[in-house]
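Just below is one structure, and these are the notes that go with it.
The values are calculated or read from the model by the stated rules, or taken from the named source; none is laboratory data. Only a predicted model underlies this, so the values are computations on that prediction, with no experimental measurement involved. All Cβ positions, even for glycine, are placed from backbone atoms using ideal geometry, and neighbour counts span all protein chains on display. These accessible areas exclude ligands, DNA and RNA; they are computed on the full protein's heavy atoms, side chains included. Shrake-Rupley method; radii C 1.70, N 1.55, O 1.52, S 1.80 Å.
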Amino acid sequence: MANENRKNEQLDTFRVNDNGKTLTTNQGVKVSEDEFSLKAGERGPTIMEDFHFREKMTHFDHERIPERIVHARGFAAHGEFQVYESMKEYTKAHFLQDPSVKTPVFVRFSTVAGSRGSAETVRDARGFATKFYTQEGNYDLVGNNIPVFFIQDAIKFPDLVHALKPEPHNEIPQAQSAHDTFWDFIANNQESAHMVMWAMSDRAIPRSFRMMEGFGVHTFRFVNEQGKATFVKFHWKPLLGTHSLVWDEAQKIAGKDPDFHRRDLWESIEMGNFPEYELGVQLLAEEDEFKFDFDILDPTKLWPEEDIPVKIIGKMTLNRNVDNVFAETEQAAFHAGQVVPGIDFTNDPLLQGRLFSYTDTQLIRLGGPNFHELPINRPVCPFHNNQRDGYGRQTINRGQVSYHKNSLANNTPAPASEAEGGYVHYQEKIEGRKIRSRSESFRDFFSQATMFWNSMSEPEKQHIIKAFSFELGKVKSKSVQQQVVDMFANVSLELASSFAEAIGAAPPAGEGSRVTKSSPALSQLNTVKSPITRKAGVIIGEGFNGSEVLAVLNALNSAGIQTEVISGHLGSIKGADDTELEAVHTFLTADSVLFDALYAAGGSAGSAESKQQTAYFINEAFSHYKPLGATHEGISWIEENQLDNYPGVVTGENMSQFAEDFTEAIAVHRHWDRKLV
Ligand code: HDD
């Protein structure tokens, strides 16, 4: 049976609309006055018996809860998941059996380092946490947009996070890794090399939550009805492709619109442009566990897609925004250990530690053991056990019995056998001594970091060099800088020498890497290119060529491109033929960094200030390698700035041809072959 609406139906029982209602206290007593506290005389002191004042103030005083220790800044949406074909051969997980079953999902995207109010376009990994409300209970796939992690053992997680977060003596810098303690940690924990390469790449500055991949990171297990296990790695692949900002742009957006990513997600869903991601799995037979030159339990390693292909097995569509960010997004409690029958863990020492940490953190963050009763966290299937009481308990468990085994309630609630759907842990044979150490098979810290470097296109390599140069340029300790230079010589001499020079460090001491392997799937140059949902700013002045510009806008809109008009003032801008376009931005309220492309549509160039602003907008967009289009008087705006004749700069006299060429240029995303002078 499809359960597509179950979560929504369940949430509906908790939804309240206060609009048009009478104001009451939390006890339901109607309130007669909400502006003045009860006083002894008009100019006298407030009186204790003012229960409305006391309740209102007490509630307010307690409105904040601790933010997440990591991933504090996040945004979420509801949706649904459907498998394309039954995965019965590999897993008995119910939600992966039947293509007609729609499983409700809730996905929270996040940055890692920043506080709850920090900017969203910072250089950082992005969290990609999915809660599947399956008929067999909640399954959480708590992943990132980077397929590997900084450390191999969870016991180092507090150290990593302490080093990454603002430094404790002055709480600087916010939401950034560009400081001494982070890089000191990296240089002294060299297993981090591979993830650092990703973090310094374009992956760490995504264009949109809708345009980034997601990864479960760890190796998990699928288990089928026959009890046979298969190793599995999970991937989310965005249908719009994987695209990034450029660093200068990302930093500017952080100031111009710190909510850039949530606004993008919110608006896309409101407009019906539902973000879609395909679920992919890499499958590995148990007998092949030791066939690789890395340990498949090591979370600093990925499985190259060219060696172990990603099998696409289903699709997730995010189609509904939350009603209330605190109630849903903030109170959502994800846990890497929340699995359903058919999905099991491996001995990855990072995963094992996560299995403890997530429940523990919710206890402090959500104030006690009943966080599973919060509407967003409730499973859509029934749940029964002997757990009782605790802060904020909502369930009214009836009856006398709250223990197992019992006779007074016929020994219920009773455990289910495996055949009845009871979760039975995979019976892996384990032998070993208790020992605090790391397997030798986890020792190679650099080969895959080099593979990542080898897989990058030239512009991507340049971005990585610049990112290292920026980050280490902010580090004050010369010793730390040098340690990092020497460390990354193990990845690539070219890389380490380039940023050593940029930061004034000594050339690297190492010999470089002999690894020649590359994995084309890692380069974003090979991603899906699409104009759909891209945002083009249309710079326009009074007296523009109405019918022709409208024809261009219509053609762009039909290709899926959103257009928003920017002009010297808000409101109606009149064309020469009395056509009107609504300017929704001025040069003051918008900025080129907030658009994927600019179209200089002509009309009067306006005041000297407007002319200057137009030049600023198009030059900035150009320097961020963005597509520029121009028709009519707009062509001269481009020419005056000597930006014509560059790749991705499209000018045209024939409107339909122009619209077609400009759409193509927008689909390319960024024109790296535009050599900047
Ligand atoms: Fe974690 C939150 C992803 C390692 C401990 N983690 C958190 C979130 C994501 C991840 C997406 C935010 C969930 C949400 O939106 O509410 N974490 C990862 C990935 C990891 C990883 C992909 C490595 C593969 N995490 C990791 C380790 C530990 C933690 C090794 C500790 C042993 N993570 C936490 C946490 C958080 C968390 C402290 C903070 C808030 C929360 O759990 O609910 O428990």
In the stretch 422-444, what residues are open to solvent by less than 40 Å² (accessible area, probe 1.4 Å) and in a loop (DSSP other than H, G, I, E, B)? 422
Checking residue 44 against (1) assigned to a loop (DSSP other than H, G, I, E, B); (2) open to solvent by 70 Å² or more (accessible area, probe 1.4 Å); (3) free of Cβ contacts under 8 Å to residues at least 12 places away in the same chain, only one condition comes out false. Which one? (2)
So which of 54, 64 is within 16 Å of the ligand (Cβ to nearest atom) and either among the polar types (S, T, N, Q) or open to solvent by 100 Å² or more (accessible area, probe 1.4 Å) (or both)? 64
If you take the residues in the stretch 315-351 that are of a type in the set (Ser, Thr, Tyr) and outside any loop (DSSP other than H, G, I, E, B), which one is nearest to residue 73 (Cα to Cα)? 329
Within the stretch 288-333, of all residues that are closer than 17 Å to residue 11 by Cβ, more than 16 Å from the ligand (Cβ to nearest atom) and charged (D, E, K, R), the one surrounded by the most Cβ atoms within 10 Å (Cβ to Cβ) is 320
Considering only the stretch 70-102, how many residues are more than 12 Å from the ligand (Cβ to nearest atom) and open to solvent by 20 Å² or more (accessible area, probe 1.4 Å)? 15
Long-range neighbours under 8 Å by Cβ, at least six apart or interchain, first residue more than 18 Å from residue 649 (Cβ to Cβ) and touching a residue at least 24 places away in the same chain (Cβ under 8 Å) within the stretch 594-614, second among the aliphatic types (A, V, I, L, M) and open to solvent by less than 10 Å² (accessible area, probe 1.4 Å): 594/253; 603/540; 603/573
Do you know which residues across the stretch 524-552 are in contact (Cβ under 8 Å) with a residue 24 or more places away in the chain, within 34 Å of the chain's Cα centre (by Cα) and either open to solvent by 50 Å² or more (accessible area, probe 1.4 Å) or farther than 17 Å from residue 589 by Cβ (or both)? 524, 525, 527, 528, 529, 530, 531, 532, 533, 534, 552
Among (1) in the same structural domain as residue 132 (by TED's automatic domain parsing); (2) in a loop (DSSP other than H, G, I, E, B), which single condition is residue 78 missing? (2)
With respect to residue 467, determine if the residue is away from the ligand (no atom under 16 Å from the Cβ), surrounded by 12 or more Cβ atoms within 10 Å (Cβ to Cβ) and within 26 Å of the chain's Cα centre (by Cα). yes
Looking at the stretch 334-371 only, could you name the residues that are more than 13 Å from the ligand (Cβ to nearest atom), free of Cβ contacts under 8 Å to residues at least 40 places away in the same chain and open to solvent by 20 Å² or more (accessible area, probe 1.4 Å)? 369
